[in-house]
Amino acid sequence: MTNFLDIHTTPTDELRAILDQANAMKAARGMRPKGTPDDELPLQGRVVALIFEKPSTRTRVSFDVGVRQMGGTSMVLSGAEMQLGHGETIADTARVLSRYVDLIMIRTFGEDILQEMAEHASVPVINGLTDSSHPCQIMADVMTFEEHRGPIRGKRIAWMGDGNNVAQSFLHAAASFGFHFTFSGPEALDPDPRLVGAARKAGSEVRIERDPEAAVRDADLVVTDTWVSMGDAESSRQRRHNLLRPYQLNERLMGHAPKDALVMHCLPAHRGEEITDAVLDGPQSVIFDEAENRLHAQKAIMRWCLGV
Ligand code: CP
Ligand code: NVA
């Protein structure tokens, strides 16, 4: 079973093959209208279930459009409207869906839920974000960086703010793709130290730098994300804002970064909180290329899962 559950559980040469395919498919489409099919239709006759237990704009639309462009059919399912949201187990949901569809993408809460889905499904499962990882996002981010700056190996990525799911997938990717990663945020919101250790063991230089200005000084890419993720308790909002305010990505902080450093944010952004308009819309931002590349990267991930 070829699941796409996490960056670190997917062999590096396979990650590279997925990105090569994503780039080739993007180039082959050129500027044709979004609703027209690709020349190749590898998902013809295939049905994909897209399950969301949390909100989504990019993941939902990019997977759906990607399936259509490749000749398949998709259905977007909200967890709350499924029996899953009313007491049916993940295992039974996985067994049943496997009788109807060829591929399952799920966005959920704990990583254990994703693992249980994968364990009981007899079709491939894709991780569309959990509380602790967002591997599809990082595939698009690596693709975007390399489009603009060439190979990411040996490059320096500085993360500002919360050590959340996206930050943790960056740590996984640092080990796989061989880039260096600096985390800059408050100690209370550090990423899982086990991931830091694993990335270091794999040969990445991982720095924890409390001073945001020092963190961006040699960065090839500066990344941030929301201060309150979908899996975080609403009651933690004020505390998180207080802790994270010094790490806002603004023009003053970018003034300490190299002039050619790129800026990314997985979106949705909270303009004026973790990032200012001037940076998000500024000349160093590749944020909307990053959003577009979710489509291309995930099309290649789906093909890889299905072996088509
Ligand atoms: N970046 C991302 O996954 O966005 P959505 O929450 O809109 O899917
Ligand atoms: N860290 C964010 C990412 C959203 C795509 C969240 O989990 O809400």
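So the values come out like this:
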| quantity | calculated |
| --- | --- |
| Pair-distance profile P(r), taking every C-alpha pair of the stretch 133-287, with 5 angstrom steps and integer % | 2, 10, 21, 25, 23, 14, 5, 1, 0 |
| Total lysine pairs whose alpha carbons fall under 30 Å of each other in the chain (8 or more apart, or interchain) | 11 |
| Label-to-label distance, nm, for residues given as A24 and T73 (7 Å Cα→Cβ offset) | 2.9 nm |
| Nearest 10 degrees, 0 to 90: helix 90-100 Cα axis against the chain principal axis | 50 degrees |
| Additional length obtainable on full extension of the chain from E88 to A278, 0.36 nm per residue less Cα span | 63.8 nm |
| Whole-number Å³ per residue for the convex hull built on Cα positions in the stretch 1-58 | 149 Å³ |
| Extension reserve of the E147-E234 stretch, reckoned as 0.36 nm per residue once the Cα distance is removed | 27.6 nm |
| Equivalent ellipsoid dimensions for the chain as semi-axes, Å, which come from the Cα gyration tensor, largest first | 31, 22, 18 |
| Residue-count net charge about R194 - beta-carbon cut-off 14 Å; Lys, Arg +1, Asp, Glu -1 | -2 |
| Accessible area per residue, Å², the stretch 166-308 with all protein chains present, probe 1.4 Å | 40 Å² |
| Mean residue ellipticity (222 nm) of the chain, computed from DSSP H runs ≥ 4 via -39,500 (n - 2.57), nearest 500 | -12500 deg cm²/dmol |
| Environment charge at T224 (Cβ cut-off 11 Å; Lys +1, Arg +1, Asp -1, Glu -1) | -4 |
| Qualifying trypsin sites (Lys or Arg not before Pro) in the stretch 255-308, DSSP loop, other Cβ atoms within 10 Å at most 11 | K259 |
| The stretch 64-144 - accessible surface per residue (Å², probe 1.4 Å) | 37 Å² |
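The values are calculated or read from the model by the stated rules, or taken from the named source; none is laboratory data. Values in this document were obtained by computation on a predicted structure and should not be read as measured data. All Cβ positions, glycine included, derive from the backbone under ideal geometry; neighbour counts span all protein chains shown. Heads up: the accessible areas ignore ligands, DNA and RNA and are worked out on the full protein's heavy atoms, side chains in. Shrake-Rupley method; radii C 1.70, N 1.55, O 1.52, S 1.80 Å.
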